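K.L.:
To start, I am sharing the structure in question, which I have written as structure tokens.
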Amino acid sequence: MSDDYRMLVGRDRVDGGAGDYAVVNPATETEVGRAPEASVAQVEAATQAAADAFGAWSRTSPSERSEQLT
């Protein structure tokens with residue numbers, strides 16, 4: 001799977017630990033892509049990383065946040 005379709009867990013881009021799943025266009029019911037599916041351990045790691053980052057992130061300005069996300 002390419003980096004474009006990997007998950008961000010903490011500071012790391014990772015493949016889905018539970019494989020991937022189809023992304024379906026609801027209007028046509030055709031598969032338009034595949035997305036990584038997180039394992040339980042990856043969800044727990046991502047949740048912990050978000051909790052760890054919350055304090056510092058919540059003190060940043062909207063402009064600082066937008067710079068980080070682009």
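K.L.:
Quick one: count up the residues across region 19-49 that are among the hydrophobic types (A, V, I, L, M, F, W, C) and assigned to a strand (DSSP E or B).
P.N.:
Applying the first criterion (among the hydrophobic types (A, V, I, L, M, F, W, C)) to region 19-49 yields 22-24, 27, 32, 35, 38, 40-41, 43, 45-46, 49.
From what is left, the residues that are assigned to a strand (DSSP E or B) are 22-24, 32, 35.
Number of matching residues: 5.
K.L.:
Can Gln68 be described as of a type outside the set (Asp, Glu), surrounded by 12 or more Cβ atoms within 10 Å (Cβ to Cβ) and not in a strand (DSSP E or B)? Before you say what the answer is, go through the steps one by one.
P.N.:
Values: of a type outside the set (Asp, Glu): yes; surrounded by 12 or more Cβ atoms within 10 Å (Cβ to Cβ): no; not in a strand (DSSP E or B): yes.
Spelling it out, it is not the case that Gln68 is of a type outside the set (Asp, Glu), surrounded by 12 or more Cβ atoms within 10 Å (Cβ to Cβ) and not in a strand (DSSP E or B).
K.L.:
Could you check region 5-52 and list, in sequence order, the residues that are open to solvent by 50 Å² or more (accessible area, probe 1.4 Å) and within 21 Å of Arg65 (Cα to Cα)?
P.N.:
Once the filter is applied, which keeps residues that are open to solvent by 50 Å² or more (accessible area, probe 1.4 Å) and within 21 Å of Arg65 (Cα to Cα), region 5-52 yields Leu8, Arg11, Asp12, Arg13, Thr47, Gln48, Ala50, Ala51, Asp52.
K.L.:
I've got another one for you. Val40 versus (1) within 10 Å of the chain's Cα centre (by Cα); (2) free of Cβ contacts under 8 Å to residues at least 24 places away in the same chain: which is the lone unmet condition?
P.N.:
(1)
K.L.:
Only residues in region 3-22 that are among the β-branched types (Val, Ile, Thr) count as the first member; pair them with residues that are part of a strand (DSSP E or B) and surrounded by 14 or more Cβ atoms within 10 Å (Cβ to Cβ), Cβ under 7 angstrom, at least 6 apart or cross-chain, and list the lot.
P.N.:
Val14/Met7
The values are calculated or read from the model by the stated rules, or taken from the named source; none is laboratory data. Note that this is a predicted model, so its numbers are computed, not measured. Reconstructed Cβ throughout: ideal geometry from the backbone, glycine too, with neighbour counts over all protein chains shown. Just so you know, the surface numbers come from the protein's heavy atoms only, side chains and all, with ligands and any DNA or RNA stripped out. Shrake-Rupley method; radii C 1.70, N 1.55, O 1.52, S 1.80 Å.
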